[in-house]
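Undergrad: First the structure, then my questions, so here it is.
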Amino acid sequence: MRIAVDREACTSAGMCALTDPARFDQDEDDGRVVLLEAEARDGDPDATAAAELCPSGAVTLHW
Amino acid sequence: MSHTEDVPFGMPYRRETRYDPPAGLLQLQEQPLRRIRYYPDGVEGWLATGHALSRRILADPRFVTGERFVHSPTELPHVFVSISEQVPPGFFLFFDPPEHTRLRRKVTGVFTVKRMKELEPRVAAIVDERIAALKAAGPGADLVREFALPVPALVICEMLGVPYADRDAFQRNSADMLDLARSVEDRNKSMAELFGYLMQLVPAKRADPGDDLLSVLAADPELHDVETAGVGLILLVAGHETTANMLALGTFALLEHPGQLARLHDDPALWPAAVEELLRYLTVAHNGVMRIVKEDAEIDGRHFRAGEHVTVALQAANRDPGKYERPGDLDVERDAQGHMAFGHGLHQCVGQQLARVEMRIGFAKLFEAVPDLRLAVPPEEIPMRSDMAVYGVHTLPVEW
Ligand code: HEM
C-alpha cells in the first residue's frame with residue numbers, strides 16, 4: 001500500500017512520528033508531517049496505526 | 001419535538017469513586033450520542049460519550065471553538081464557558097482556522113517528537129533534582145508539592161523562558177482559573193492577572209532575549225505582543241496543571257494497584273505503554289471538551305443545528321466498552337493507543353509529546369529511586385480535585 005500525507009490538514013500533533021518513525025518525521029519549523037517512506041506492506045501495523053492515530057486525517061493509506 | 005421531559009439535565013460529573021467517571025455518565029453510553037439540557041437555563045444540546053462518535057465530532061470542522069460558549073453541561077460553569085467570556089488574544093484553543101492554524105504552527109516546531117527526545121536528559125536532570133528534594137523533605141512529604149507540580153512547572157518555565165521564581169503567582173492564578181467552585185468572574189480575574197504578567201514579560205524578552213520560546217515569539221514580526229502573551233498563557237497553564245495531576249494521580253493509582261506496579265518493576269520497558277494506559281484510565285480532563293455547531297450537520301442520522309452546544313466526554317470515551325475490553329480495569333499491559341486523553345482533531349494537545357516524556361521519565365525514576373514509596377494516610381483521606389477542571393489530588397502525603 002501507499003501512504004499519502006496532506007500537509008495542509010496536518011496539525012503537528014506528532015502521532016505519526018511517534019508511532020512509525022521509520023516512515024514519518026516532522027518539519028523542524030512547525031512540526032508538520034514529513035513523509036520519509038511512502039511504501040508499506042499491505043496491513044503494515046505501524047503505518048496503519050499512524051494513519052488511525054492521526055488526529056486530523058492528514059495521513060491516509062491507498063491501495 | 002415535545003420530548004423535552006425525556007431529555008436529562010446535564011452531564012453527570014460527581015464521582016462515586018476515586019478513579020472512575022460517575023456511574024450515571026457511563027450508563028449514558030447506551031446512547032453514545034444524546035441530547036441533554038444545559039445549565040443554567042435548560043437549553044438542549046448534545047453529549048457524546050462513545051469513543052467512535054467522539055472522534056468523529058472532534059475531527060469534523062463544523063464543530064468549532066471560536067464561538068461564544070454560554071451554556072454549560074455541568075451545574076458549575078464549565079471552563080469553556082468562563083474562558084470564552086473573554087478569550088485572550090493568541091489563546092488558540094478558542095480560535096478556528098485560519099487563525100488557529102497560524103498561531104498553533106508558531107509553537108508546534110518546539111514540541112516535536114525529536115525535540116522532546118533531545119530534551120530527555122534535561123527532563124531527567126529535573127526529575128532527579130526533585131526526587132532528591134522529596135527525599136530531603138522526608139521521612140514523609142507531599143508528593144504534589146515536592147515532585148508532581150515542580151517537575152512540569154520547571155520544564156515549561158525553562159522552555160518558555162518564564163522565571164521559575166515567579167511560580168507562586170502563576171501557579172495560584174492558573175489553579176484559580178481552573179477552579180470550578182469559583183465564580184466565572186473570579187476565574188477570569190485570575191486569567192487576566194496571568195495575562196498581565198505575560199504582557200510585561202514579552203517586551204522584556206525582546207529587549208534581553210534568551211534561548212527560549214517566548215524570546216523567539218517576541219521577536220516574530222507576524223505576532224502582536226498581545227498574541228504572544230496569550231500563546232504564552234495557554235502553554236503555561238496547560239503545560240503544568242495537566243501533567244502535574246497525571247503524575248500525582250498516576251502515582252496514587254499505581255500505589256493502589258500493587259500488582260500493576262510490580263509488573264512495571266519487573267519490566268521497565270512497559271513504562272511507555274503504562275503511560276498511555278494511565279492517560280486513558282485517569283483522563284484528568286474530566287469534564288469533557290466542548291464545541292459549538294458552526295453549520296447544520298448530520299452525523300449518524302442525528303441532526304445538529306447551527307449554534308447548538310456539544311460536549312465530548314473524553315472521560316467516558318476512554319471507558320467505552322466498544323473500544324476497550326474491561327475498560328474499568330487499569331492494565332498497564334493493554335494496548336491503550338487511540339485513547340482520547342489529549343483530545344482529537346485540530347486541537348489535539350500541543351504538549352502531548354512533552355507530557356509523555358515527563359511522565360515516562362518521572363514515574364520510572366520515582367519508583368526506581370523510592371522503591372518502598374507508600375501512602376502516609378489511608379487512601380480515603382486523600383483530598384480529590386473533584387471541583388477542578390483538571391482532576392487529580394490536592395495533596396498526596398507519602399512516606400518511604
Ligand atoms: C498529561 C498532560 C496533558 C493532558 C491530559 C492534556 C490534555 C489536553 C486536551 C484534552 C486538549 C484538547 C482540548 C480540546 O480539544 O478542546 C489539550 C489541548 C492543548 N494542550 Fe494539553 N494536555 C496535557 C499536557 C500539555 C502540555 C505539557 C502542554 C504544553 C506544553 C499542553 C498544551 C496544550 C495546548 C496549547 C492545547 C490547545 C491546542 C489547540 O487548541 O490547538 N498540554 N490538552
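The values are calculated or read from the model by the stated rules, or taken from the named source; none is laboratory data. Since we're looking at a predicted model, the values are computed, not measured. Positions of Cβ are backbone-derived with ideal geometry, glycine not excepted, and every protein chain shown enters the neighbour counts. For the accessible areas, the whole protein counts, side chains as well, though only heavy atoms, and no ligand, DNA or RNA atoms are used. Shrake-Rupley method; radii C 1.70, N 1.55, O 1.52, S 1.80 Å.
Undergrad: Has the stretch A:15-24 got at least one residue that is at the interface with another protein chain (Cβ under 10 Å from one of its Cβ atoms), open to solvent by less than 50 Å² (accessible area, probe 1.4 Å) and among the aliphatic types (A, V, I, L, M)?
TA: Looking through the stretch A:15-24, at least one residue is at the interface with another protein chain (Cβ under 10 Å from one of its Cβ atoms), open to solvent by less than 50 Å² (accessible area, probe 1.4 Å) and among the aliphatic types (A, V, I, L, M).
Undergrad: Select, from B:A306, B:A341, B:A244, the only residue that is within 16 Å of the ligand (Cβ to nearest atom), modelled with pLDDT of 95 or more and open to solvent by 10 Å² or more (accessible area, probe 1.4 Å).
TA: Among B:A306, B:A341, B:A244, only B:A341 is within 16 Å of the ligand (Cβ to nearest atom), modelled with pLDDT of 95 or more and open to solvent by 10 Å² or more (accessible area, probe 1.4 Å).
Undergrad: Working carefully through the options B:L134, B:L201, B:L154, find the one that is in a helix (DSSP H, G or I) and within 14 Å of the ligand (Cβ to nearest atom).
TA: Only one candidate qualifies: B:L154.
Undergrad: Something else about it: Being out of contact with any helix residue (DSSP H, G or I) (no Cβ under 7 Å at 6 or more places or on another chain), open to solvent by less than 50 Å² (accessible area, probe 1.4 Å), more than 7 Å from chain B (Cβ to nearest Cβ) and assigned to a loop (DSSP other than H, G, I, E, B) narrows it down to one residue among A:A51, A:A9, A:A4, A:A47; which is it?
TA: Selected residue: A:A9, the only one of A:A51, A:A9, A:A4, A:A47 that is out of contact with any helix residue (DSSP H, G or I) (no Cβ under 7 Å at 6 or more places or on another chain), open to solvent by less than 50 Å² (accessible area, probe 1.4 Å), more than 7 Å from chain B (Cβ to nearest Cβ) and assigned to a loop (DSSP other than H, G, I, E, B).
Undergrad: Continuing with this model, one more query. Using the structure shown, decide if B:G259 is away from chain A (no Cβ under 14 Å), within 15 Å of the ligand (Cβ to nearest atom) and assigned to a helix (DSSP H, G or I).
TA: no
Undergrad: Could I ask something else about it? Sort out which residues of the stretch B:139-151 are open to solvent by less than 30 Å² (accessible area, probe 1.4 Å), more than 16 Å from the ligand (Cβ to nearest atom) and either in a helix (DSSP H, G or I) or of a type outside the set (A, V, I, L, M) (or both), and write them in order of number.
TA: The one that is open to solvent by less than 30 Å² (accessible area, probe 1.4 Å), more than 16 Å from the ligand (Cβ to nearest atom) and either in a helix (DSSP H, G or I) or of a type outside the set (A, V, I, L, M) (or both): B:L143.
Undergrad: Being more than 20 Å from B:A316 (Cα to Cα) and buried (at least 22 other Cβ atoms within 10 Å of the Cβ) narrows it down to one residue among B:L373, B:L354; which is it?
TA: B:L354
Undergrad: Tell me the residue from B:D329, B:D335 that is modelled with pLDDT of 95 or more, within 14 Å of chain A (Cβ to nearest Cβ) and surrounded by fewer than 20 Cβ atoms within 10 Å (Cβ to Cβ), please.
TA: B:D335
Undergrad: Give me a count of the residues in the stretch B:93-141 that are aromatic (F, W, Y) and within 14 Å of chain A (Cβ to nearest Cβ).
TA: 2
Undergrad: If you don't mind, another one. Here is a list of conditions, (1) more than 20 Å from the chain's Cα centre (by Cα); (2) crowded, with 19+ Cβ neighbours inside 10 Å, and B:E16 meets all of them except one; can you say which number that is?
TA: Condition (2) is where B:E16 drops out.
Undergrad: If you go through the stretch B:311-324, how many residues are within 13 Å of the ligand (Cβ to nearest atom) and in contact with a helix residue (DSSP H, G or I) (Cβ under 6 Å, 6 or more places away or on another chain)?
TA: Counting residues in the stretch B:311-324 that are within 13 Å of the ligand (Cβ to nearest atom) and in contact with a helix residue (DSSP H, G or I) (Cβ under 6 Å, 6 or more places away or on another chain) gives 3.
Undergrad: Any idea which residue in the stretch B:213-229 is farthest from B:T101 (Cα to Cα), counting only those that are under 25 Å from the mean Cα position of the chain (by Cα) and β-branched (V, I, T)?
TA: Per the criteria, the residue is B:V226.
Undergrad: Follow-up question, since we're still on this one. Whether any residue in the stretch B:120-138 is open to solvent by less than 10 Å² (accessible area, probe 1.4 Å), in contact (Cβ under 8 Å) with a residue 40 or more places away in the chain and in contact with a Pro (Cβ under 9 Å, 6 or more places away or on another chain) is what I want to check.
TA: No; the residues of the stretch B:120-138 include none that is open to solvent by less than 10 Å² (accessible area, probe 1.4 Å), in contact (Cβ under 8 Å) with a residue 40 or more places away in the chain and in contact with a Pro (Cβ under 9 Å, 6 or more places away or on another chain).
Undergrad: Among the residues in the stretch B:268-277, are any within 16 Å of the ligand (Cβ to nearest atom), away from every other protein chain (no Cβ under 14 Å) and touching a Pro at 6+ places or on another chain (Cβ under 9 Å)?
TA: Within the stretch B:268-277 (the criterion being within 16 Å of the ligand (Cβ to nearest atom), away from every other protein chain (no Cβ under 14 Å) and touching a Pro at 6+ places or on another chain (Cβ under 9 Å)), the answer is no, since none of the residues qualifies.
Undergrad: Next question, about the same structure. Any chance the stretch B:180-188 includes a residue that's touching a His at 6+ places or on another chain (Cβ under 9 Å) and either closer than 22 Å to B:R385 by Cα or part of a helix (DSSP H, G or I) (or both)?
TA: The answer is yes; a qualifying residue exists.
Undergrad: Kindly indicate whether any position in the stretch B:36-48 is in contact with a Phe, Trp or Tyr (Cβ under 6 Å, 6 or more places away or on another chain) and of a type in the set (K, R).
TA: yes
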